[in-house]
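S.K.: Got a structure here, written out as structure tokens. Questions coming.
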Amino acid sequence: CLLGVHICLAQGKKDIQASFNDYVNLPREVAFAHLNNSLYLKEETIGFSVYVFDKNTKKSSTKTTNVYTVITDENNKTIKKQLIWAKEGKAIGTFSIDSAFTKGNYTFKAYTNWMKNFDEQNLYAQSIKIIDPDIPDNDEIKTISSKLDAQFLPEGGHLVSDTENTIGVVIKDTLGYGVPDITGRVLNTKGEIVSNFKTNHVGISKFLLRHYSQSSYSVEIDFRNRIQTFDLSAAEQKGLNLTLNQMSSKVILTFNTNAQTLPIIKNKPYTLFIHNGNQSKTIPIEFENDTKVTKAIVRKDLFAGINIFTVFTEENAPILERIFFNYEGIESLKTAEAFTQKNKDSLLIQVPVNDLKP
């Protein structure tokens, strides 16, 4: 039975709320940049625009006047740096690729002085590559081999034995691209198929698994007429996990534990803490006689955009975390067919957007 949950401020959990309020009390800035390229030749110019916005309001930072931009090499040594003026959260600048640069990989960084006051500095960093035509490129051409990089990630961060787990799947090729339409099957110690999955267009999938403590598990993946086998990591004997499912108007959070853990956490006041980096809400969680607790949250009671779900123990220790994007309250615009026109050595591309408000 799924019951709607009224989100409230949990009594006796003010330490979490107070800590969060102290954490977000001071404004945070986030930087993002657009570069004119990611691959450059010697003597070319790196052109860029930097955008600084307020992390809480999600709007341009009107207080920022200076932006620091730095280019470092592979050893994190500063090659060039520049302080540029920002107006209404935007700054533009250039770097000349002169004799200070050699062939190789570099990192462009942009940040404000205010960001340096916090542990999480929210600076922008982007990798760029510089080619010198006078130096032969002896790098080996990378090819896609049949070897896969497969990651199996339990939802919430914990794989718990003797209970149901949701496990995310990410499959990439040797160039780091997601591999679509890959089928896989999960086998137990006896070689029996206990679950299966198929990746989507970007190489992501998930599957359900009841991980029994007396068994070990592996995953077989069919790729290019070859079967590749991967071992699943061992499950924790005690712990808590979560599964998030979506309904039309609600988000369903299911918290699972096992018989070994239930006596330890039974009737203890756990807290589901929900925040978006600025605002927060809490929901009480308590295991009684069942190893499963389900909370149904109406979408409109969540924050529009990113919601971070964190579970705290009665000692206010975080043990689970899950990020969810809520489209409820997000206005979306549709683009019309793009128009492209050639003008000498350039292309003019226009993408009309319907109902765009200035």
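The values are calculated or read from the model by the stated rules, or taken from the named source; none is laboratory data. Note that the coordinates shown come from a computational prediction; the quantities given were computed from them, not determined experimentally. Backbone-built Cβ (ideal geometry, glycine too); neighbour counts: all protein chains shown. SASA here: full protein model, heavy atoms, side chains in, ligands and nucleic acids out. Shrake-Rupley method; radii C 1.70, N 1.55, O 1.52, S 1.80 Å.
S.K.: By how many degrees, between 0 and 90 and to the nearest 10, does the Cα long axis of helix 14-24 differ from the longest principal axis of the chain?
M.R.: Orientation of helix 14-24: about 10 degrees from the principal axis.
S.K.: With point charges of +1 on the Cβ of Lys and Arg and -1 on the Cβ of Asp and Glu, referenced to the Cα centre of the chain, which listed residue (Thr271, Val353, Val52) lies farthest in the positive direction of the dipole?
M.R.: Val353
S.K.: Just how large is the dipole of segment 291-351 about the Cα centre, in debye to the nearest 20, putting +1 at every Lys and Arg Cβ and -1 at every Asp and Glu Cβ? Walk me through the numbers on the way to the answer.
M.R.: Details: 8 positive and 8 negative charges, 58 e Å.
Computed charge dipole of segment 291-351: roughly 280 debye.
S.K.: Any number yet on Rg/Rh for segment 27-76, C-alpha, Kirkwood? Don't jump to the answer; show the numbers that get you there.
M.R.: Numbers: Rg = 13.9 Å, Rh = 13.0 Å.
Reported Rg/Rh, Kirkwood definition of Rh: 1.07.
S.K.: Which of Val293, Ile308, Ile330 sits farthest toward the positive end of the charge dipole of segment 289-334, with +1 on the Cβ of Lys and Arg and -1 on the Cβ of Asp and Glu?
M.R.: Result: Ile330.
S.K.: Which is the longest run of the chain containing none of the GluC sites (Glu not before Pro) found in DSSP loop states (not H, G, I, E, B) with at most 12 other C-beta atoms within 10 Å?
M.R.: 193-287
S.K.: On a C-alpha basis, how far is the centre of segment 178-216 from the centre of segment 156-173 in Å? Whole number, if you could?
M.R.: Between the Cα centres of segment 178-216 and segment 156-173 lies a distance of 9 Å.
S.K.: Accessible area of Asp345, 1.4 Å probe, to the nearest 10 Å²?
M.R.: My reading of the accessible area for Asp345 is about 140 Å².
S.K.: So, one more: Using DSSP loop states and a limit of at most 11 other Cβ atoms within 10 Å to flag trypsin sites (Lys or Arg not before Pro), what is the longest stretch of the chain containing no flagged site?
M.R.: My reading of the result: 225-333 is the longest stretch.
S.K.: Moving on. Normalised by the empirical 2.2 N^0.38 Å for globular proteins, what value does the Cα Rg of segment 282-358 take?
M.R.: Here the Cα radius of gyration is 1.98 times the empirical estimate.
S.K.: Going through segment 301-358, which chymotrypsin sites (Phe, Trp or Tyr not before Pro) have at most 11 other Cβ atoms within 10 Å and a DSSP loop state?
M.R.: Here the sparse-neighbourhood loop sites are Tyr327.
S.K.: Shifting gears a bit: Distances longer than 25 Å among the Cα atoms of segment 226-331: what percent of all pairs is that?
M.R.: 29 percent
S.K.: Sorted by accessible area (1.4 Å probe), largest first, how do Thr78, Thr107 line up?
M.R.: The most accessible residue leads, giving Thr78, Thr107.
S.K.: Could you tell me which of the pairs Lys87/Lys357; Lys81/Lys129; Lys58/Lys103; Lys58/Lys334; Lys59/Lys206 are separated by over 28 angstrom between their Cα atoms in the structure shown? Please list the in-between numbers first.
M.R.: On the way: Lys87/Lys357 22 Å; Lys81/Lys129 17 Å; Lys58/Lys103 38 Å; Lys58/Lys334 21 Å; Lys59/Lys206 35 Å.
Correct reply: Lys58/Lys103; Lys59/Lys206.
S.K.: Run the dipole for the chain about the Cα centre, Lys and Arg Cβ at +1, Asp and Glu Cβ at -1, nothing else charged, and hand back the magnitude in debye, nearest 20. The partial results should precede the final answer.
M.R.: Details: 41 positive and 40 negative charges, 154 e Å.
Roughly 740 debye, rounded to the nearest 20.
S.K.: OK, next. Classify segment 187-268: rounded, prolate or oblate, from the alpha-carbon gyration tensor (a ≥ b ≥ c, eigenvalue square roots; a/c under 1.5 rounded; otherwise prolate if a/b is larger than b/c)?
M.R.: oblate
S.K.: Dimensions of segment 145-281 along principal axes (Cα, Å, largest first)?
M.R.: Computed over the Cα atoms, the extents are 52, 40, 26 Å.
S.K.: Write out the chymotrypsin sites (Phe, Trp or Tyr not before Pro) in segment 56-161 meeting two conditions: DSSP loop, and at most 15 other Cβ atoms within 10 Å of their Cβ.
M.R.: Hits after loop and neighbour filter: Phe118.
S.K.: Mind ranking Thr335, Thr282 by accessible surface for me, highest first, 1.4 Å probe?
M.R.: In descending accessible area the options line up as Thr335, Thr282.
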